[in-house]
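J.: Take a look at the following structure, please.
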Amino acid sequence: MEAAVLGDHPDQELSPPAGVALHTIVTEPVFALMPAAQPLAPREEVPLAELLEEDWAVPRPDGDRTREYWESTCSRRDRVPSAPYEAEGRQLIEIVRAGPAVSLCQATFIEVPGVTVRPLVGNPLWYRHMLAWHHDGPLAPYGTEILRRVTDGYLSTCADSPVYARWRAQNPQAAAPAGQLPSAQS
């Protein structure tokens, strides 16, 4: 493998293996994914504390540290959320659409019928997208151009998500591509 797209969270920053460069594409807030009929869905932003009253559909704990990050953020709020559903991808979306649970999603997630995407009040959860390649690999001479194109591609997807586009317009400082993750918030 010559290149990879990776991600991390505050307090879980990735360290590059020897000979590999990590380059930030963008750091974005994590948004809530809710059934369209959820009482919080009409709000422009939703408080994480109120969502913690709901049942959750969460990623399986193997391989992805998103669940660990979410649980540690909740524990700093002295909450142990109920997460009776474990799923990935389409299955997770269908559980949310059916109504028994809420979840998290990337800010660029495009709403589909039956689900609503909303920012979390105060942006308590963050995700950093990174591009990695070998220092001496065949892509190294093109790294700056590859990073620019990937970043441009990411930014063009932002316009496809009306919720994220609105958030970015309201939070121009936080929305700019950045190399650092926000510090973990309590």
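J.: What's the ranking of 121-128, 46-53 by average number of surrounding C-beta atoms within 10 Å, highest first?
T.: 121-128, 46-53
J.: Taking R0 as 25 Å, what's the FRET efficiency between V5 and A159 from their Cβ-Cβ distance, rounded to 0.05?
T.: So the FRET efficiency works out to roughly 0.80.
J.: With +1 on each Lys and Arg Cβ and -1 on each Asp and Glu Cβ, how big is the dipole of the chain about its Cα centre, in debye rounded to the nearest 20?
T.: In debye, rounded to 20, the chain gives about 360.
J.: Okay, moving on. For a quick protection proxy, order the peptides 76-86, 17-27, 135-145 by their average other-Cβ count within 10 Å, most packed first.
T.: 17-27, 76-86, 135-145
J.: Please compute the length gained on full extension between E53 and E13, using 0.36 nm multiplied by the number of residues separating them and subtracting their Cα-Cα distance.
T.: So the chain would gain 11.5 nm between E53 and E13.
J.: Could I ask something else about it? Any idea of E111's accessible area? Nearest 10 Å², probe 1.4 Å.
T.: Approximately 80 Å² of E111 is accessible to the 1.4 Å probe.
J.: Could you do me a favour and compute the accessible area per residue for segment 50-123, 1.4 Å probe, result in Å²?
T.: Per residue, segment 50-123 has 50 Å² of solvent-accessible surface.
J.: I've got another one for you. Keeping the other protein chains in place, figure out the carbon and sulfur percent of the accessible area of segment 1-61, with a 1.4 Å probe.
T.: 55
J.: I'd like the antiparallel share, as a percent to the nearest 5, of DSSP beta bridges with both residues in the chain.
T.: 85
J.: Now a separate question. Just checking my list (1) 1.16; (2) 1.12; (3) 1.06 against Cα Rg over 2.2 N^0.38 Å computed from this structure; which label fits?
T.: Given (1) 1.16; (2) 1.12; (3) 1.06, the calculated one carries the label (3).
J.: For segment 5-46, report the accessible area per residue in Å² (1.4 Å probe, heavy atoms, rounded to an integer).
T.: About 43 Å² of surface per residue is accessible.
J.: Here is a follow-up. Taking each pair of different alpha-carbon atoms in segment 27-97 once, compute 1/r for the pair, average those values, and report the inverse of that mean as the Kirkwood hydrodynamic radius in Å to one decimal.
T.: In segment 27-97 this quantity evaluates to 13.1 Å.
J.: In addition: Quick check: residue separation of R65 and I146 times 0.36 nm, minus the Cα distance between them. What number comes out in nm?
T.: Stretched fully, the R65-I146 segment lengthens by 26.5 nm.
The values are calculated or read from the model by the stated rules, or taken from the named source; none is laboratory data. Keep in mind the model is a prediction, meaning the values are calculated, not measured. Every residue, glycine among them, receives a Cβ derived from its backbone with ideal geometry; neighbour counts consider all protein chains shown. We work out accessible area using only protein heavy atoms, side chains counted, and drop any ligands, DNA or RNA first. Shrake-Rupley method; radii C 1.70, N 1.55, O 1.52, S 1.80 Å.
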